[in-house]
Amino acid sequence: MEIYLLRHTRVALSREYCYGISDIDLADTKEEDIRQAAGKLRDIRFDRIYSSPLKRCRAMAEALKQPVEVVDDLVEMSFGDWELKKWSEIDKAVLDRWMSDFVNIAPPNGEAYLDFSMKSVLFFDKLVAGAHAGEKILLITHSGPIRAIICHILNLSLAHSFNFEVDYGSLSKAEVVDQWYKVKYLNR
């Protein structure tokens, strides 16, 4: 079984803003960005496709012109009170405390990364348990769920989930053979 993880393309918000669950638009370059990301999928025939409900993922899903199941478990993390604020506007002491243990500490009125990641990982495990050998599945999602799933596959602590990049529009691939997980590539 092969599971492909596709991150949505660039967003219409600079990196100086904190966003997760906010349903923000894609960048003005979305048509070209989506075309390039879709090109990475050109030679793959998927048996099933799942997408986050947020419009930045749904735009990619719609461009594929194939049946897609929208799944809440693939949504990005909620940063609570920090959503759509500039990182520089967040109280430094509170931000530093969160950054010292982002896995277990939640932003005010948001989710701890550990709690958030369980949704994606449990969905992934359920997919694996119910899949058939040789199936090809695509998940269109965000960097948070992709990082959580990759850490799960590699048996890494979530604290290491920012030790690798997950670029906008990038494709990663995992294989499952006889209950063995393997990352074939990351961030293509």
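Quick look at the values:
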read-out: Looking only at the stretch 157-182, and only at residues there that are modelled with pLDDT of 95 or more, among the aliphatic types (A, V, I, L, M) and not in a helix (DSSP H, G or I), the one that is nearest to PHE102 (Cα to Cα); value: VAL166
read-out: Answer residue from the stretch 1-58, given it is crowded, with 18+ Cβ neighbours inside 10 Å and among the polar types (S, T, N, Q) and is farthest from the chain's Cα centre (by Cα) among those; value: THR9
read-out: Test: LEU114 is more than 26 Å from GLU83 (Cα to Cα) and not small (Gly, Ala, Ser); value: no
read-out: Among (1) assigned to a loop (DSSP other than H, G, I, E, B); (2) touching a residue at least 24 places away in the same chain (Cβ under 8 Å), the one test that ARG56 misses; value: (1)
read-out: Leading residue by the ranking (surrounded by the most Cβ atoms within 10 Å (Cβ to Cβ)) among those in the stretch 115-146 that are in contact with a Phe, Trp or Tyr (Cβ under 9 Å, 6 or more places away or on another chain), part of a helix (DSSP H, G or I) and of a type outside the set (Phe, Trp, Tyr); value: PRO145
read-out: Counted residues, the stretch 82-110 - those being more than 21 Å from ARG147 (Cβ to Cβ), charged (D, E, K, R) and in a loop (DSSP other than H, G, I, E, B); value: 2
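The values are calculated or read from the model by the stated rules, or taken from the named source; none is laboratory data. As the structure is a prediction and not an experimental result, all values here were calculated from the model. Here the Cβ is made from the backbone with ideal geometry for all residues, glycine too, and neighbour counts use every protein chain on show.
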